[in-house]
2 protein chains.
Amino acid sequence: MAQPADTARKSIGARRNPASADAILDAAEAVLVEAGYSGFSIEAVARRARAGKPTIYRWWPSKAALLFDVYQRQKRVDTPDTGNLEKDLVGFLDSLFEHWRSTPSGNIFRSLIAEAQSDDGAAAALADYAAGRRVTTGRMIERAKARGEVRSDVDAVLVADMVASFAWTHLLTNRLNGEEAAIRGAVRYILQGILDHRA
Amino acid sequence: MAQPADTARKSIGARRNPASADAILDAAEAVLVEAGYSGFSIEAVARRARAGKPTIYRWWPSKAALLFDVYQRQKRVDTPDTGNLEKDLVGFLDSLFEHWRSTPSGNIFRSLIAEAQSDDGAAAALADYAAGRRVTTGRMIERAKARGEVRSDVDAVLVADMVASFAWTHLLTNRLNGEEAAIRGAVRYILQGILDHRA
DNA sequence: ACCTCATCGATACGGAACGTTTCGTTAAAT
DNA sequence: ATTTAACGAAACGTTCCGTATCGATGAGGT
């Protein structure tokens, strides 16, 4: 679901000032980029957006919800489809690492994961999002299965989970640079395995 | 005059009351277990330990440092060695998940990772720790290489990284229960790959 | 036996951010 | 033109931060 955790929007009075919501999301992103997660406070966002704190709290029940909406506004890396799974997976991870490195998305996502460790709402939203992405990425593997490239008994979502886990962990431990060899290695091991003798 | 070994007052100041340090670490762990990461504050730890805040700040420069020490006191899951890599990896992950589930270690580790997203010191400590664990776990793969079970060109540390990533991500997204099938699948894919045809 | 001194618990401090409440103002909807 | 609700600003009490200051405690050295 693309909606924020709650959306318990009050009565008929629809969001009267969408410009204000945009300004707040813009400010939140800017604060996150300039001050980092540790400097990301509702007060800082309100100051930056020239908005009142209650305005933020009215629409976003928590810092986590705001973070999640900021993340949702970011562009996503979509999954390639060249007809070759190895090329697709390596390309996907290369693009993802580059995207995390060169846009605010990486730091926003890190913050979101961190927040999810202490905020149940953020945890639920993140779990939901991650499950969706596993399915999306899993389609890459499904396509390869369809063309007979991958064994039919393979769990595409699980493979997507392994790929995502590799990426997440690298993001969380600041290992996004010069990891091309690791990416290629990891993909190759998932595709071909590491055993010396085959049954 | 029989003088004891000169452990004399050192730079950092001889820790005069190790019992107090233990009490603080005990309290920190208890707070973390009872109130979770969001309730984990220096003040709460001090209250619980009947210690003064300055006493904590004297020895631990940050919340992250205290967290790390708490984590270091926990038991670790060690890597099995049955002579069969698949059994070892599955056993290792099963034990790790069970350990994270049934002891405070999981939540402490989650907190540490979260803290590392906003504290450079914690990030460095975590990176160091994780690198060490990759080497340790990598020995499992090295042993399998030595007995010819694994291809000699395989990067053992990278494989360990993939295994750890899988575990970390499951921890961070609250997926520690009923994951036996996923563990077996992931290990099998790493060992045997997912391709249908081999080159 | 005395003295010295680092650590101890306790308390207070200024600062920041929390989440809420109050109050005029503004602007869309009727 | 009137209603109505979201708006910004400001202030609130609270919690926690990290630091400073205090007298008490107790071990080591003389």
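The convex hull of the Cα atoms of the range B:18-60, projected and averaged over all directions, covers 2.5 nm². Where does chain B land on the Kirkwood hydrodynamic radius, alpha-carbon pairs, in angstrom? That comes to 19.2 Å for chain B. Karplus-based coupling profile of the range A:108-125, in residue order and whole Hz: 5, 5, 4, 4, 5, 5, 4, 4, 5, 7, 9, 10, 5, x, 5, 4, 5, 4, with θ = phi - 60° in 6.51 cos²θ - 1.76 cosθ + 1.60 and x standing for Gly or Pro.
Against the 2.2 N^0.38 Å scaling, with N counting residues, where does the range A:36-137 land? I'd like the Cα-based Rg ratio to two decimal places. Working shown, then result.
Numbers: Rg = 16.0 Å, N = 102, 2.2 N^0.38 = 12.8 Å.
In units of the 2.2 N^0.38 Å rule of thumb, it is 1.25.
Let me make sure I get this right: for the range A:145-199, a, b and c are the square roots of the gyration tensor eigenvalues over alpha carbons, sorted descending. Under 1.5 in a/c it's rounded, otherwise prolate if a/b > b/c, else oblate. Which is it? Taking the square roots of the gyration eigenvalues as a ≥ b ≥ c, the range A:145-199 is prolate.
Our analysis of the range A:103-156 gives Rg over Rh at 1.18, with the two radii drawn from alpha carbon positions and Rh computed by the Kirkwood formula. For chain A, the longest principal axis of the alpha carbon atoms and the long axis of helix A:18-35 meet at an angle near 60°.
All C-alpha pair distances within the protein assembly as shown, sorted into 10 Å bins from zero, spread as 4, 20, 28, 24, 15, 6, 2, 0, 0 percent across the bins.
How much accessible area per residue does the protein assembly as shown have, in Å², with a 1.4 Å probe?
Values: 19360 Å² over 398 residues.
Per-residue accessible area for the protein assembly as shown comes out at 49 Å².
For A:Lys145, the lysines whose Cα comes closer than 25 Å to its Cα, not counting residues fewer than 8 places off in the same chain, are A:Lys87.
Hey, got the average number of other protein chain Cβ atoms within 10 angstrom for residues in A:171-177?
Details: counts 1, 11, 12, 7, 4, 0, 0.
Mean shielding by partner chains, rounded to a whole number: 5.
Accessible surface comparison of A:Asp69, A:Asp22, B:Asp88, probe 1.4 Å, protein chains only, largest first: the order is A:Asp22, A:Asp69, B:Asp88. With the convex hull of its Cα atoms as the shape, the range B:99-199 has an orientation-averaged projected area of 8.1 nm². Per residue of peptide A:102-115, the mean number of Cβ atoms on other chains within 10 Å of the residue Cβ is 2. For a straight C-alpha distance cut-off of 19 angstrom, the aspartates and glutamates reachable from B:Lys53 (same-chain residues fewer than eight places away being disregarded) are B:Asp22, B:Asp26, B:Glu29, B:Glu43, B:Asp69.
Given the DSSP H assignment, sum -39500 (n - 2.57) over each helix run of at least 4 residues in chain A and divide by its residue total; what's the result at 222 nm in deg cm²/dmol, nearest 500? Please list the in-between numbers first.
Working: 9 runs with 131 residues, N = 199.
Calculated mean residue ellipticity at 222 nm is -21500 deg cm²/dmol.
Counting only protein heavy atoms and using a 1.4 Å probe, the accessible area of B:Val33 comes to about 90 Å². Protein heavy-atom surface of chain B, 1.4 angstrom probe: 49% of the accessible area is carbon and sulfur, with nucleic acids and ligands not counted. In square angstrom, rounded to the nearest 10, how much accessible surface does B:Leu32 have for a 1.4 Å probe? My reading of the accessible area for B:Leu32 is about 10 Å².
Along chain B, the exposed loop sites are trypsin sites (Lys or Arg not before Pro) outside DSSP states H, G, I, E and B with at most 10 other Cβ atoms within 10 Å, and the longest stretch free of them is B:76-197. Taken one residue at a time, the phi angles of the range B:53-65 give Karplus couplings (6.51, -1.76, 1.60, θ = phi - 60°) of 4, x, 5, 5, 5, 5, 9, 10, x, 7, 4, 4, 5 Hz. Gly and Pro are set to x.
The values are calculated or read from the model by the stated rules, or taken from the named source; none is laboratory data. Keep in mind it's a predicted model, so treat the numbers as computed, not measured. Neighbour counts run over all protein chains shown; Cβ positions are idealised from the backbone, glycine included. SASA here: full protein model, heavy atoms, side chains in, ligands and nucleic acids out. Shrake-Rupley method; radii C 1.70, N 1.55, O 1.52, S 1.80 Å.
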